[in-house]
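Below is one structure, written out as structure tokens; comments come after it.
Nothing in this text is a laboratory measurement; each read-out follows from the coordinates by a stated rule. Since the model is a prediction, treat every value here as computed from it, not as a measurement. Positions of Cβ are backbone-derived with ideal geometry, glycine not excepted, and every protein chain shown enters the neighbour counts.
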């Protein structure tokens, strides 16, 4: 969604500096990245608060007759956690001057991110097939809203992720210059935390059914 914003924040943070071009202030890109994550986190937290309010007000949650959540959500969770590990591996490779590790880590993360999006779409299809459509009840509606909003953040994150993957292939990341990769790694860890919070909320809610 808004995840592409970090891309133009530090356009010359990766690779060699270009003579005659103004360089970004040290720490400015990181500050903006944190502000972006905080703003996105507030929006997702608001959705979770609304979810728990609806859960607390409902006489039964989920409503009787609600099918179970797709088991594939566990696989999606594992894929996302693995992608967070691979992007962290890439960042450590950049810090240690190991370009091969950076290339492998960023490429693996991009593939895993795409796999996560596909797996979530499959989970939606399985949910509908199990008679859990968006309009069934408030629980089903919030299931699609929460997973959909998180999915949009992942799709948005694919833009800078592809960007750092291309830069990694070009060998632009060094121990001294890898800010872009650092920002994407930070954002990807945020996606992990956000998903774990959402998935846990859905599981806790469904345990009462």
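Please go through region 93-116 and give me each residue that is part of a helix (DSSP H, G or I) and without any contact (Cβ under 8 Å) to a residue 12 or more places away in the chain, ordered by number. Can you show your working first?
Step one: of region 93-116, the residues part of a helix (DSSP H, G or I) are 93-95, 99-116.
Correct list: 100, 111.
Within region 157-174, identify whether any single residue is within 30 Å of residue 132 (Cα to Cα) and surrounded by 15 or more Cβ atoms within 10 Å (Cβ to Cβ), and answer yes or no. Walk me through how you get there before you give the answer.
Narrowing region 157-174 to residues within 30 Å of residue 132 (Cα to Cα): 157-158.
Now restrict to residues that are surrounded by 15 or more Cβ atoms within 10 Å (Cβ to Cβ): 157-158.
Yes, some residue in region 157-174 is within 30 Å of residue 132 (Cα to Cα) and surrounded by 15 or more Cβ atoms within 10 Å (Cβ to Cβ).
Conditions tested, residue by residue: (1) surrounded by fewer than 16 Cβ atoms within 10 Å (Cβ to Cβ); (2) more than 22 Å from residue 144 (Cβ to Cβ).
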site: 68; (1), (2): yes, no
site: 80; (1), (2): no, no
site: 91; (1), (2): no, yes
site: 101; (1), (2): no, yes
site: 104; (1), (2): no, yes
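Kindly provide the set of residues from region 117-130 that are in contact (Cβ under 8 Å) with a residue 60 or more places away in the chain and either surrounded by 16 or more Cβ atoms within 10 Å (Cβ to Cβ) or in contact with a helix residue (DSSP H, G or I) (Cβ under 9 Å, 6 or more places away or on another chain) (or both), ordered by number.
Looking only at region 117-130, we keep the residues that are in contact (Cβ under 8 Å) with a residue 60 or more places away in the chain, and these are 127, 130.
Listed by number, the list holds a single entry, 127.
Does residue 140 count as surrounded by 18 or more Cβ atoms within 10 Å (Cβ to Cβ), assigned to a helix (DSSP H, G or I) and out of contact with any helix residue (DSSP H, G or I) (no Cβ under 7 Å at 6 or more places or on another chain)? Lay out the reasoning, then the answer.
Details: surrounded by 18 or more Cβ atoms within 10 Å (Cβ to Cβ): yes; assigned to a helix (DSSP H, G or I): yes; out of contact with any helix residue (DSSP H, G or I) (no Cβ under 7 Å at 6 or more places or on another chain): yes.
For residue 140, the condition - surrounded by 18 or more Cβ atoms within 10 Å (Cβ to Cβ), assigned to a helix (DSSP H, G or I) and out of contact with any helix residue (DSSP H, G or I) (no Cβ under 7 Å at 6 or more places or on another chain) - is met.
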